[in-house]
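Trainee: Provided herewith is a single structure, encoded as structure tokens, for subsequent inquiry.
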Amino acid sequence: MQTLRLNHNENDIQTAGKILADGGLVAVPTETVYGLAANALDGEAVAKIFAAKGRPMDNPLIVHIADFGDMERFSLVREIPEAAYRLAATFWPGPLTMIMKKGSAIPDAVSARLDTVAVRFPSHPLAQAVIRAAGVPLAAPSANLSGSPSPTTARHVLHDMDGKIDAVLDGGECQVGLESTVITLVTDIPRVLRPGGVTVEMLTEALGEVEVDDAVVHRLADGVKAASPGMKYKHYAPKANVILLQCSDADFLDYVNCHAGRGVAVLCCDEDVPLLHNVKAISLGCRGDYGTQAHRLFDSLRRIDGYGDVLTVFSRLPSTDGVGLAVYNRLIRAAGFEVIDLGKN
Ligand code: TXA
Ligand code: MG
């Protein structure tokens with residue numbers, strides 16, 4: 001299949017909408033990452049997403065809407081809980097996904113046979129325009145091959161998906177750079193299943209009380225069922241081996257310089273770059289600027305693969321404050337939960 005390149009103009013938006021309405025797949029930019037979209041009400045179209053990504057069938061998809069009223073209009077949810085109104089008032093449209101009891105229109109392929117559905121109203125104008133042009137809600141996971149870092153540019157999408165999908169709509173770089181925050185509203189106390197640009201602190205302020213699922217920062221014990229199936233897979237991983245170091249800034253620089261060499265890369269901050277020698281140093285931004293670190297993380301992981309000769313990547317264990325928690329969550333999965341605590345050695 002030839003993958004059509006579409007751009008930010010009315011004609012191409014209508015073309016994307018038509019492909020989607022006809023049951024095809026289009027990669028679409030959102031404010032978080034690029035999504036691989038299909039008509040969420042069409043089980044056959046949705047099945048093509050799983051095939052193109054190589055995604056396990058037990059991992060459910062997020063349904064994207066362009067209006068709060070779409071949830072009722074298309075029977076996406078059984079009921080809208082009070083908390084959803086409150087969260088939507090503050091964070092929609094935006095990088096927040098809410099899990100609710102699913103409505104009658106949701107095909108099994110979307111919900112992976114769970115009795116819930118994840119819904120998001122993205123703020124990206126192109127994402128909204130394509131949903132409107134399609135005339136239906138769109139199921140869309142991140143538009144990467146399953147297991148690799150999520151795409152934040154159309155180039156990343158084509159690297160993984162060229163020839164496998166009908167079209168990609170180029171909207172430039174995604175602003176947030178990490179996937180949306182996922183919160184479930186079917187537990188007694190709303191619970192964060194995946195951290196993102198809408199932080200736990202912001203959610204707590206809006207709702208009074210939220211919990212953070214154990215799987216956000218810890219490896220799931222064998223046999224424990226994941227609240228969010230996506231959290232059980234090794235994820236976001238470049239081909240090189242990612243190793244996280246828990247240590248002081250001085251120890252970090254010493255350790256990396258000691259282990260430097262041709263096959264070594266380091267994800268670091270701007271302040272580190274002049275102090276590192278004989279390694280490929282990739283800065284995620286200034287120390288403490290978690291927003292920029294989130295924005296650059298996936299592109300940096302893909303760049304490491306682009307070097308071709310990197311076997312080991314070192315990085316600090318990130319802070320869990322604010323958007324830092326989202327960076328932590330992605331990096332610890334990229335590392336397969338391997339952390340070296342230098343204080344203990
Ligand atoms: O920012 C985003 O959320 C992007 C853009 C395209 O919107 N989408 C995205 O989708 O990251 P995906 O499929 O890569 O991640 C969705 C996550 C997975 O971890 C999945 O297991 C979880 O949400 N999820 C979806 N439906 C769920 C449900 N009903 N219950 C629990 N977890 C669910
Ligand atoms: Mg994904």
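Trainee: Tell me, how many Å apart are the Cα centres for segment 9-45 and for segment 140-177?
Mentor: Here the two parts' Cα centres lie 13 Å apart.
Trainee: Would you mind telling me the share, in percent, of accessible area of segment 4-216 contributed by carbon and sulfur at probe 1.4 angstrom?
Mentor: For segment 4-216, the apolar C and S fraction of the accessible surface comes to 49 percent.
Trainee: Compute, for segment 94-181, the length of the dipole vector about the Cα centre, with Cβ point charges of +1 (Lys, Arg) and -1 (Asp, Glu) only. Units Debye, rounded to 20.
Mentor: So the dipole magnitude of segment 94-181 works out to roughly 300 debye.
Trainee: Which lysines have a Cα lying under 25 Å from the Cα of LYS225, excluding residues fewer than 8 positions away in the same chain?
Mentor: LYS53, LYS101, LYS102, LYS234
Trainee: Now for a different question. Test of understanding: in a Gaussian network model of the chain with alpha carbons linked when under 10 Å, which of GLY163, GLY197, GLY285 would top the mean-square fluctuation ranking?
Mentor: GLY163
Trainee: Right, something else. Report the net charge of residues surrounding ALA133, where surrounding means a beta-carbon distance below 13 angstrom and charges are Lys +1, Arg +1, Asp -1, Glu -1.
Mentor: Result for the neighbourhood of ALA133: -1.
Trainee: What residues qualify as long-range amide H neighbours of ARG287, i.e. H under 5 Å apart, gap of 5 or more or another chain, H built at 1.01 Å from N?
Mentor: Amide H to amide H, under 5 Å and 5 or more residues apart or across chains, ARG287 pairs with ASP270, GLU271.
Trainee: For segment 53-135, what proportion of DSSP beta bridges, expressed in % and rounded to the nearest 5, is antiparallel?
Mentor: 65 percent
Trainee: Another question, if that's okay. What FRET efficiency comes out for the pair LEU4/ASN241, r = Cβ-Cβ distance, R0 = 41 Å, nearest 0.05?
Mentor: My answer for the efficiency is 0.65.
Trainee: What list of ³J(HN,Hα) values in whole Hz, one per residue of segment 281-286 in order, does the Karplus curve 6.51 cos²θ - 1.76 cosθ + 1.60 (θ = phi - 60°) give from phi, with Gly and Pro shown as x?
Mentor: 9, 10, 8, 8, x, 5
Trainee: With loop defined by DSSP as not H, G, I, E or B, and exposure as at most 12 other Cβ atoms within 10 Å, which is the longest segment of the chain clear of exposed trypsin sites (Lys or Arg not before Pro)?
Mentor: It runs 1-112.
Trainee: Okay, next question. Treat each spin label as a single point 7 Å out from the Cα along the C-beta direction, and report the GLN175 to HIS159 distance in nm.
Mentor: 2.4 nm
Trainee: Given H placed 1.01 Å from N in the peptide plane, which residues other than close sequence neighbours of THR116 have an amide H under 5 Å from its amide H?
Mentor: Residues meeting the amide H criterion: LYS102.
Trainee: Once both labels are modelled 7 Å past Cα along the beta-carbon direction, what's the GLU72-ASP254 spacing in nm?
Mentor: Roughly 6.4 nm, to one decimal.
Trainee: Using the Cα centre of segment 1-96 as the reference point, and only Cβ charges (+1 on K/R, -1 on D/E), how large is the resulting charge dipole? Debye, rounded to the nearest 20.
Mentor: In debye, rounded to 20, segment 1-96 gives about 300.
Trainee: Name the aspartates and glutamates eligible as straight-distance cross-link partners of LYS239: C-alpha to C-alpha under 20 Å, and not fewer than 8 places from it in the same chain.
Mentor: ASP160, ASP162, ASP299, ASP305, ASP309, GLU338
Trainee: Computed over the Cα atoms, what is the radius of gyration of the chain divided by 2.2 N^0.38 Å, N being its residue count?
Mentor: Ratio of Rg to 2.2 N^0.38 Å for the chain: 0.98.
Trainee: Might you work out the accessible area of HIS124 for me, using a 1.4 Å probe with all protein chains in place, and round it to the nearest 10 Å²?
Mentor: Number for this one is 30 Å².
Trainee: Compare the Cα positions of LEU331, THR187, ALA51 along the charge dipole of the chain (+1 at Cβ of Lys, Arg; -1 at Cβ of Asp, Glu; about the Cα centre) and return the one farthest towards the positive end.
Mentor: ALA51
Trainee: Determine the sum of side-chain charges near VAL117: Lys and Arg each +1, Asp and Glu each -1, restricted to other residues whose C-beta is under 14 angstrom from that of VAL117.
Mentor: So the surrounding residues net to 0.
Trainee: Sorted by accessible area (1.4 Å probe), largest first, how do GLU205, GLU271 line up?
Mentor: Result of the area sort, largest leading: GLU205, GLU271.
Trainee: Another question about this same structure. Could you let me know the centre-to-centre spacing of segment 73-137 and segment 279-345, using Cα atoms, in angstrom?
Mentor: Cα centres, segment 73-137 to segment 279-345: 31 Å.
Trainee: May I pose another question? With charges only on Cβ, +1 for K and R and -1 for D and E, what is the dipole size of the chain about its Cα centre, in debye, rounded to 20?
Mentor: Roughly 800 debye for the chain.
Trainee: Using amide H atoms built 1.01 Å from N in the peptide plane, name the residues 5+ places from PHE314, or on other chains, whose amide H lies under 5 Å from its own.
Mentor: Hits under the 5 Å cutoff: ILE243, ALA265, VAL266, LEU267.
The values are calculated or read from the model by the stated rules, or taken from the named source; none is laboratory data. Since the model is a prediction, treat every value here as computed from it, not as a measurement. All Cβ positions, even for glycine, are placed from backbone atoms using ideal geometry, and neighbour counts span all protein chains on display. With ligands, DNA and RNA removed, areas are computed over all heavy atoms of the protein, side chains included. Shrake-Rupley method; radii C 1.70, N 1.55, O 1.52, S 1.80 Å.
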